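Quick notes on the structure that follows.
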Amino acid sequence: MRKYLRLVGRLAIVMVALLLVAGVAFANLSPELGGKPTKNQRAAYAKSGHYRDGEFQNLVPTEQLTGGSLVSVMWKFLFSSVPNETPTAPLPTQQLDSLSITRKTPDMVRVTWFGHSASLVEIGGKNILLDPMLSVKMGPLPLLTPKRYNPALAITAEQLPLIDAVLISHDHYDHLDYQTIRRLKDKVAHFYVPLGVGAHLLAWGVDSARVRELDWNDSVQLPGLTIVSTPARHFSGRGLTNRNSTSWSSWVMKSATKRVFYSGDGGYGPHFQTIGAQHGPFDLAIMECGQYNENWAQIHMMPEQTVRATQDVRGRVLLPVHWGAFTEAHHAWNEPVRRASAEAAQLLLPITTPRLGQPIVLSAGPLPQERWWQ
């Protein structure tokens, strides 16, 4: 028996070692993991004021896990479920083509949400694409990562019109998608990204002349449009060894007559009031609302906090995103929009809930408010 146990133990050690070797090899070989900032770039990041000891920091102390261990959280996610965790059928989608979303005037603001956080914002006569995760499968290990509810999106990357700017909030797989970037890169004039994220794009073949990294409060001026990188409260990393090696942002878009805010991912914090005071009011706030958990209380918002954050940035209308595509947390797939809608109604905050691919046009009549998700 002792010899048998020793043999089993040795085999287990060998298997663990092989898995570690395979994991390291994969981390070094898979293009999905992206690139790494250079030594000179890392030295320059220290000037930002929120980069220390090789990692980017939040404005306020932030824990990625609260009230539990990583093992317990992962165990719960992998081996337990909640009712209605995924929809029973593909979600209703309005199919689009490139012509239907290019007929516009310079003073029109039109926003089309494609699911999760991917959205096309047409403002100031420009096409601005937010966090374009337009793949059905996520990340380098699709068998282990969430799969999109729908087998196809309202539009493919190839069908999108020419894009004036892509804005990336951070480098997690559900916001920065390798396959989408590869399909989009030749029709995008500019990629504006947080510090460090440019290394991923360069590794994927994006022309360096099209990539610009912005620190918090940096801005760029396009004809008729100002884009500002603003703080968020989150974290980053695409592998086991590069946690917080790149920064994260929210984004402000200002034309001569309209203002739109995109929160990116992140927990609730005082930065929302600061952004509202500096750049608001906003005609539309596109806000994270979904994939939350009590153990992630400082890096993701609960739906009620999403509504409060919208008020903080002085948003006149809330468009909740970060739901409607993937199950990444322990709640019903439509719980985020149900809770946010209830809170918004109580606080008299206008909210719009378009179907996937259904464009909304500001100042052109009632916005979509159909409760299609019930």
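Listed values, structure above:
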item	result
Kirkwood-based Rg to Rh ratio, segment 113-214, C-alpha trace	0.94
Rounded to 5, the percent of DSSP beta bridges in segment 235-318 classed as antiparallel	45 percent
Amide H within-cut-off set for R259, under 5 Å, with H built and near neighbours excluded	D283, L284
Amide H within-cut-off set for T230, under 5 Å, with H built and near neighbours excluded	N217, S250, W251, V252
Contact order normalised by residue count of the chain, Cα under 8 Å, 6+ apart, percent	19 percent
Rel. contact order, % - alpha carbon contacts under 8 angstrom, at least six apart, segment 228-374	18 percent
Ordering of 138-146, 199-207, 293-301 by packing [mean C-beta count within 10 Å, highest first]	293-301, 199-207, 138-146
Of S98, G125, L65, farthest towards positive along the dipole that unit charges on Lys, Arg, Asp, Glu beta carbons give the chain	L65
Relative counts (whole %) of C-alpha pair distances in segment 153-197, using bins that are 10 Å wide	25, 59, 15, 0
Ordering of 240-250, 174-184, 54-64 by burial proxy (mean other Cβ atoms within 10 Å per residue, highest first)	240-250, 174-184, 54-64
Contour excess over end-to-end distance, with Cα ends at Q64 and L240 and 0.36 nm allotted per residue	61.9 nm
Amide H contacts under 5 Å for G125, placed H, 5+ residues apart	M108
Under the Debye formula (equal points on every Cα, no solvent term), log10 I(q)/I(0) of the chain at q = 0.06, 0.11, 0.13 Å⁻¹	-0.22, -0.75, -1.06
For segment 262-303, projected area of the alpha-carbon convex hull averaged over all directions, nm²	3.0 nm²
Per residue accessible area in Å² of segment 323-374, where ligands, DNA and RNA are left out and the probe is 1.4 Å	42 Å²
Beta bridges per DSSP with both ends in segment 159-233, % antiparallel, nearest 5	35 percent
Whole-percent carbon and sulfur share, accessible surface of the chain, 1.4 Å	57 percent
Linear extension gain, T105 paired with A46, 0.36 nm per residue minus alpha-carbon span	17.0 nm
Over segment 175-313, relative contact order from alpha-carbon pairs under 8 Å, at least 6 apart, %	17 percent
Unit charges on C-beta of K, R, D, E only; dipole of the chain, Debye	760 debye
Karplus (6.51, -1.76, 1.60) ³J(HN,Hα), θ = phi - 60°, over segment 273-278, in Hz, Gly and Pro reported as x	5, 4, 4, x, 5, 7
Local electrostatic count at Q291 - Lys and Arg +1, Asp and Glu -1, tallied over other residues with Cβ under 9 Å	-4
Under Karplus coefficients 6.51, -1.76 and 1.60, residue-wise ³J(HN,Hα) of segment 309-320 in Hz, glycine/proline x	5, 4, 5, 4, 7, 6, x, 7, 9, 9, 10, x
Span from the segment 232-282 Cα centroid across to the segment 40-61 one, whole angstrom	16 Å
Expected 222 nm ellipticity per residue - DSSP helices of 4 or more, -39500 (n - 2.57), all of the chain, to 500	-7000 deg cm²/dmol
Paramagnetic label zone (point 7 Å from Cα along Cα-to-C-beta, N84; backbone N under 15 Å) in segment 341-370	341-343
Counting DSSP beta bridges with both ends in the chain, the antiparallel % (nearest 5)	60 percent
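The values are calculated or read from the model by the stated rules, or taken from the named source; none is laboratory data. Everything quoted here is computed from the prediction, not taken from an experiment. Don't worry about glycine lacking a Cβ; one is built from the backbone with ideal geometry, like all the others, and counts go over all protein chains shown. Side chains included, ligands, DNA and RNA excluded: accessible areas come from the protein's heavy atoms. Shrake-Rupley method; radii C 1.70, N 1.55, O 1.52, S 1.80 Å.
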